[in-house]
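What follows is one structure encoded as structure tokens, with my remarks underneath.
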Amino acid sequence: MTLQAHPQQDETQQTEPVLPGFTLGDFEINPPIALAPMAGITDLPFRRICRRFGIGLTVTEMIASRAVEFGSERTERMAELDPGESPVSIQIAGSNSKYVVDAAKWAVDHGANFVDINMGCPVKKIVKQVAGSAMLRDEGLVARVIDAVVQGVDVPVTLKIRTGWDSESKNVENIARIAEDNGIQMLTVHGRTRAQMFNGQASWEDIGLAKAAVSIPVIGNGDIIDGASALEMIRQSGCDGVMVGRAVQGNPWMLDEVHAAIMGLPKPEQPSAEEVWEVVLEHMLHLADFHGVKRASKLVRRHVPWYSKGLRGSADFRGSFQKVFEWDAQVETAKAYFLSDIHHSIDPQRLDIAI
Ligand SMILES: Cc1cc2nc3c(=O)[nH]c(=O)nc-3n(C[C@H](O)[C@H](O)[C@H](O)COP(=O)(O)O)c2cc1C
């Protein structure tokens, strides 16, 4: 058995893609499917897993520009990219132009093909510093920070926003225009306001307002759960690409489903139990390799149960997995659940991982 992504469709089935992809600087974003940055989740091991599936752009989790200034081992790890991980963006946050520009330069030094500025984060700690989504309330500040970063680095600068602070002050079109006028080369819109946090529905129509206001590529984000919802977002918003976050947790196969939908191909088959286990084990081993076994033991308690979503006996497995703390026992418990009576045949050596 080989370690492959979910089997690709027969090439003879190829049809016209719904979205053709686009150019960003020296890179083609094709397929125009991005993995959403998710703090504490989209570390290098997670992105490495996702790269096996239908994806055209990965983004690191958000890195605060002040954290870059202080410099720490943890911040360095957050910006670590896989060799060959390209195109890839490092996301930075902050509202003090000097620090944000320094962080952008640091991101480029760490190999980022693009620098993404976060103006969407709703978390109190960030908002209190007038960073993340709080910046949307001050359009002058948005323009100044973007301009400083665009002038400060020679890679494409991209921006990720929400649709505004709250329903009374939505300004997605203004922000989109300000972004384009100040040199942003790609805009990602999460179709919620800050006030919505993660509640309610993302408005794909609001993403369309941004798309209609500018000529740079606009990536739609929020509530894509499968190929059909990706197509519906594209239909409602006219976006040039899609970004998927939570639905990928424990289900990177859904990226292949979104890819197939965008290519106009039928939905791929569900992975077999054995294929799921291959990916779970690979993810566990990458976590151990990157973070060390001690930290990986904590992280797998978040990631591994996600892979059981929708599978028989998931609730029992989640319960029992949370009670296992030791690495070897975690691997065995996961293996016993995901394989049941199917023998696993993966050789960790093939992953070039020494733990
Ligand atoms: C746990 C978590 C962490 C997140 N961290 C970030 C982040 O660091 N930067 C960012 O721009 N968005 C962050 N987001 C927002 C996602 O990128 C995305 O905009 C949001 O989840 C909506 O997309 P989805 O419905 O596909 O998940 C985070 C979301 C979650 C759930």
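The values are calculated or read from the model by the stated rules, or taken from the named source; none is laboratory data. All values derive from a computational prediction rather than experimental measurement. Glycine also receives a Cβ, built like all others from the backbone with ideal geometry; neighbour counts cover every protein chain displayed.
A few notes on this one:
- Qualifying residue in segment 254-267 (condition: surrounded by fewer than 21 Cβ atoms within 10 Å (Cβ to Cβ) and more than 20 Å from Phe53 (Cβ to Cβ)): no
- Summed over segment 17-43, residues that are polar (S, T, N, Q) and either more than 14 Å from the chain's Cα centre (by Cα) or surrounded by fewer than 17 Cβ atoms within 10 Å (Cβ to Cβ) (or both) total 2.
- Scanning segment 149-170 for residues that are surrounded by fewer than 18 Cβ atoms within 10 Å (Cβ to Cβ) and over 17 Å from Met197 (Cβ atoms) yields Gln151, Asp154.
- Qualifying residue in segment 181-196 (condition: within 22 Å of the chain's Cα centre (by Cα), touching a residue at least 40 places away in the same chain (Cβ under 8 Å) and assigned to a helix (DSSP H, G or I)): no
- When restricted to residues that are farther than 13 Å from Phe53 by Cβ and surrounded by 21 or more Cβ atoms within 10 Å (Cβ to Cβ), segment 238-249 contains 4.
- Single unsatisfied condition, Lys267 versus (1) basic (Lys, Arg); (2) outside any helix (DSSP H, G or I); (3) under 30 Å from Val214 (Cα atoms): (3)
- Residues in segment 197-226 that are closer than 23 Å to Asp138 by Cα, more than 20 Å from the chain's Cα centre (by Cα) and within 15 Å of the ligand (Cβ to nearest atom): Asp206, Ala210.
- Test: residue in segment 273-291 that is without any contact (Cβ under 8 Å) to a residue 12 or more places away in the chain and either assigned by TED's automatic domain parsing to the domain that holds Pro45 or out of contact with any strand residue (DSSP E or B) (no Cβ under 8 Å at 6 or more places or on another chain) (or both): no
- Pairing each residue of segment 115-126 that is assigned by TED's automatic domain parsing to the domain that holds Pro156 with any residue that is within 9 Å of the ligand (Cβ to nearest atom) and in a loop (DSSP other than H, G, I, E, B), provided the two are 6+ apart or on different chains, yields C-beta distances under 6 Å for Asn118/Met62.
- Among residues of segment 252-272 that are within 25 Å of Pro305 (Cα to Cα), those with a Cβ under 8 angstrom from a residue that is in a loop (DSSP other than H, G, I, E, B) and of a type in the set (D, E, K, R), sequence gap 6+ or separate chain, pair up as Pro252/Arg52; Met254/Asp226; Glu257/Asp226; Glu257/Lys267; Val258/Asp226.
- Against the list (1) at pLDDT 95 or above; (2) within 19 Å of Trp165 (Cα to Cα); (3) not basic (Lys, Arg), the condition Gln129 fails is (1).
- Counting only strands (runs of 3 or more DSSP E) that fall entirely inside segment 17-126 and contain at least 3 residues that are closer than 21 Å to Asn251 by Cβ and within 16 Å of the ligand (Cβ to nearest atom), the qualifying elements are 33-35.
- Any hit, segment 143-156, residues being over 24 Å from Glu85 (Cβ atoms) and either touching a Leu at 6+ places or on another chain (Cβ under 8 Å) or within 16 Å of the ligand (Cβ to nearest atom) (or both): yes
- Restricting segment 270-307 to residues that are part of a loop (DSSP other than H, G, I, E, B) and modelled with pLDDT under 95, the residue that is nearest to Arg52 (Cα to Cα): Pro271
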